[in-house]
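Structure, as structure tokens:
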Amino acid sequence: MKAEFATAERAVTLGVRETTDGLKMSMRRQVTSAGLGQRMANTWRGDNYPKGQNSIRAAGVVYTKASRIMEGFEDAAVIRSKDGWWLAIPTPNAPKRGVGGKRINPSNFPEHTYGRLRFVYRSGKPSLLVVDNARASYNRKSGQLRGFRKASDRAVSKGSGLTTVVMFWLVPQVQLPRLITFNTEAKRWFDRLPQLILKNWPD
């Protein structure tokens, strides 16, 4: 009887472990397929209990360390500005990091490098934050655009090669696309659990 019970404990534990790992990896694949990157995908974790031993009451937990982000993409959440004004979305022209090394936003925009931001209102379209008197920088070998920089006083006085560059789009709200389906995937793996337990039960 003890041997049969030990066999059952092992089968249940292995089945739960496969289910937990399977759901975790499925969620990671969802995140990478959605284009959110491997780092975000790795926030999905799976734990099995009790740790380090077999149990007829084995359990698994799958969770993410970025729950608010994942919930937003599962619920297609609408994001609004906290102060009721605008959400500033960086354009590809904006630097990735601002003053202090933090993610770029209008408050930490390095105006000493690019120039002052100027607000441009557009009726019926996203408004803009732009910098004036910028000059394009190109790769000398390939000729590809590397980015923009603040023009020198001499270049401004001559007025040659100057352009206005859009750094941020301003919108009242943004709706996230529905990219994550955790509940659906969790049910699929839960339904597979009995089969996985039987697979680990010796004949």
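The values are calculated or read from the model by the stated rules, or taken from the named source; none is laboratory data. Given the structure is predicted, the values throughout are model-derived calculations rather than measurements. We place every Cβ from the backbone using ideal geometry, glycine too, and count neighbours over all the protein chains shown.
Among the residues making up the stretch 73-85, those that are in contact with a Pro (Cβ under 8 Å, 6 or more places away or on another chain) and either at pLDDT 85 or above or not hydrophobic (A, V, I, L, M, F, W, C) (or both) are F73, R80, S81.
Scanning the stretch 65-86 for residues that are surrounded by 10 or more Cβ atoms within 10 Å (Cβ to Cβ), farther than 23 Å from M27 by Cβ and charged (D, E, K, R) returns a single hit, R80.
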